[in-house]
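Student: Before anything else, here's the structure in question.
The values are calculated or read from the model by the stated rules, or taken from the named source; none is laboratory data. Note that the coordinates shown come from a computational prediction; the quantities given were computed from them, not determined experimentally. Note that each Cβ is placed from the backbone with ideal geometry, even for glycine, and that neighbours are counted across all protein chains shown.
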Amino acid sequence: MFPFDVILFDVGGVLLTNGWDHRERALTAKYFHLDLADLEARHPVPDAAWEAGTIPLKAYLDAVVFYQQRDFSQDDFYGFMLNQSKLLPDGALGIVEELAASDRCMLGALNNEARETNEFRFESFGLRRYFSVALSSCYLGLRKPDPAIYQRALDILGRTAERVLFIDDRVENVAAAEAEGIQAIWFEGADALRSRLVSIGVL
């Protein structure tokens with residue numbers, strides 16, 4: 001019997017670049033001549049709300065960038081943000097494609113992402129071709145590594161924890177999943193992941 005009913009992948013840092021992590025924010029701040037320290041100080045609280053789906057993009061941008069007059073528009077800024085989303089070098093998308101083609105289990109995403117960027121990334125990179133379910137923070141109102149997001153995911157999937165595998169590039173998210181009984185793999189590159197999946201009978 002196949003060892004899992006569902007395999008869940010993080011997106012940023014596993015399949016794609018993070019899109020709006022500190023590296024992307026630094027690049028964007030430099031391009032638009034913003035004070036990076038100020039942007040970083042303003043970012044965490046509205047970002048948590050944005051990723052949890054409780055505020056829209058405009059509210060996030062108003063709080064972090066457009067709290068004062070700028071010589072560029074929100075559309076300009078958001079367009080530059082979106083352009084930071086790219087396929088991750090040594091990412092796992094090829095493995096996802098292989099698993100999807102085998103049709104041996106359900107595949108899905110369990111990721112922290114704001115609604116607007118999440119939908120852009122899923123559409124632009126064709127992730128819905130592979131994923132039957134998107135357990136994204138913006139839809140669940142919870143963020144990793146909150147234990148509640150893993151329990152919510154199991155409730156939605158209707159599977160026991162031991163029948164779910166989760167793959168993430170952040171140690172704290174892997175540890176939180178394991179604490180809820182989910183088998184989890186810390187992503188350290190496609191080759192290492194492939195070797196691990198072969199060893200546990202997934203590939």
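Student: Glu98: among the acidic types (Asp, Glu), in the same structural domain as Asp146 (by TED's automatic domain parsing), touching a Cys at 6+ places or on another chain (Cβ under 9 Å) and not in a loop (DSSP other than H, G, I, E, B), yes or no?
Tutor: Numbers: among the acidic types (Asp, Glu): yes; in the same structural domain as Asp146 (by TED's automatic domain parsing): yes; touching a Cys at 6+ places or on another chain (Cβ under 9 Å): no; not in a loop (DSSP other than H, G, I, E, B): yes.
For Glu98, the condition - among the acidic types (Asp, Glu), in the same structural domain as Asp146 (by TED's automatic domain parsing), touching a Cys at 6+ places or on another chain (Cβ under 9 Å) and not in a loop (DSSP other than H, G, I, E, B) - is not met.
Student: Let me ask something else about it. Looking only at the range 73-85, which residues are in a loop (DSSP other than H, G, I, E, B) and surrounded by fewer than 14 Cβ atoms within 10 Å (Cβ to Cβ)? Write out each step before concluding.
Tutor: To start, the set of residues in the range 73-85 that are in a loop (DSSP other than H, G, I, E, B) comprises 73, 83-85.
Listed by number, the residues that qualify are Ser73, Asn83.
Student: When the residues of the range 18-61 are narrowed to those that are among the basic types (Lys, Arg) and over 23 Å from Leu87 (Cα atoms), which ends up surrounded by the most Cβ atoms within 10 Å (Cβ to Cβ)?
Tutor: Taking the range 18-61 and keeping what is among the basic types (Lys, Arg), we get 23, 25, 30, 42, 58.
Add one more test, that the residue is over 23 Å from Leu87 (Cα atoms), and what stays is 42, 58.
Values: Arg42: 16, Lys58: 12.
The residue in question is Arg42.
Student: Return a yes/no flag: does the range 12-22 have any residue that is in the same structural domain as Ile167 (by TED's automatic domain parsing), modelled with pLDDT of 95 or more and at positive phi.
Tutor: Yes, there is a match, as at least one residue in the range 12-22 is in the same structural domain as Ile167 (by TED's automatic domain parsing), modelled with pLDDT of 95 or more and at positive phi.
Student: Scan the range 2-15 and tell me whether some residue there is free of Cβ contacts under 8 Å to residues at least 60 places away in the same chain and either in a loop (DSSP other than H, G, I, E, B) or of a type in the set (Ser, Thr, Tyr) (or both).
Tutor: Checked against the condition, which is being free of Cβ contacts under 8 Å to residues at least 60 places away in the same chain and either in a loop (DSSP other than H, G, I, E, B) or of a type in the set (Ser, Thr, Tyr) (or both), the range 2-15 yields no hits at all.
Student: To continue, here is another question. Failed condition for Gly189, given (1) surrounded by 20 or more Cβ atoms within 10 Å (Cβ to Cβ); (2) in contact (Cβ under 8 Å) with a residue 60 or more places away in the chain, with all others met?
Tutor: Result: Gly189 fails condition (1) only.
Student: Before we move on, is Glu113 acidic (Asp, Glu) and more than 24 Å from Glu180 (Cα to Cα)?
Tutor: Numbers: acidic (Asp, Glu): yes; more than 24 Å from Glu180 (Cα to Cα): no.
Against the criterion (acidic (Asp, Glu) and more than 24 Å from Glu180 (Cα to Cα)), Glu113 does not qualify.
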